[in-house]
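Quick notes on the structure that follows.
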Amino acid sequence: MKKAIEFCTCKDLQCPCHPSNHDQGCTLCILKNLKEKEIPSCFFNDIDCKKPTENWHYEDFAALVQAANQDAYDSEADDPFEDIHDPCLRFQR
């Protein structure tokens, strides 16, 4: 199994809970986040979307997921058949 420091995406290296600052892996970070009703930054970092809020609480993660889903929906909203000019072919999906 990989050590937490090998896959941790948190950029706050000064945080005492960061796996680079102790030998307890992700445990301290998870405990801190549970106590503060927050989600670890690695979850936020895994979603390719600009974070719409400043905080790290459950609601902030939900807002990020919704924003990412909206971005994905908006990019899929383009008609993939727009280059097909034959009307009969356009609706054969």
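The values are calculated or read from the model by the stated rules, or taken from the named source; none is laboratory data. What you see is a predicted model, and the numbers here were worked out from it, not measured in a lab. In this analysis, Cβ positions are derived from the backbone assuming ideal geometry, glycine residues included, and neighbour counts consider all displayed protein chains.
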*Collect the residues in the stretch 28-47 that are assigned to a helix (DSSP H, G or I) and closer than 17 Å to Ala62 by Cβ, keeping them in residue-number order.*
Asn33, Leu34, Ser41, Cys42, Phe43, Phe44, Asn45
_Quick check on the stretch 19-30: of everything there that is modelled with pLDDT under 95 and within 18 Å of Asp46 (Cα to Cα), which residue is surrounded by the most Cβ atoms within 10 Å (Cβ to Cβ)?_
Pro19
*Counting only residues that are assigned to a helix (DSSP H, G or I) and in contact with a Ser or Thr (Cβ under 6 Å, 6 or more places away or on another chain), how many does the stretch 1-27 have?*
1
_Checking Glu59 against (1) at pLDDT below 95; (2) assigned to a helix (DSSP H, G or I): exactly one of these is not met. Which one?_
(1)
*Are there any pairs with C-beta distances below 6 angstrom linking a residue in the stretch 22-41 that is of a type outside the set (Val, Ile, Thr) to a residue that is assigned to a helix (DSSP H, G or I) and surrounded by 15 or more Cβ atoms within 10 Å (Cβ to Cβ), with the two at least 6 apart or on different chains, and if so which?*
Gly25/Ala4; Gly25/Pro19; Cys26/Ala4; Pro40/Cys29; Pro40/Asn33
*asked:* Please go through the stretch 35-66 and give me each residue that is exposed (fewer than 14 other Cβ atoms within 10 Å of the Cβ) and either in contact with a strand residue (DSSP E or B) (Cβ under 7 Å, 6 or more places away or on another chain) or within 16 Å of Cys10 (Cβ to Cβ) (or both), ordered by number.
replied: Glu36, Lys37, Asn45, Asp46, Asn55
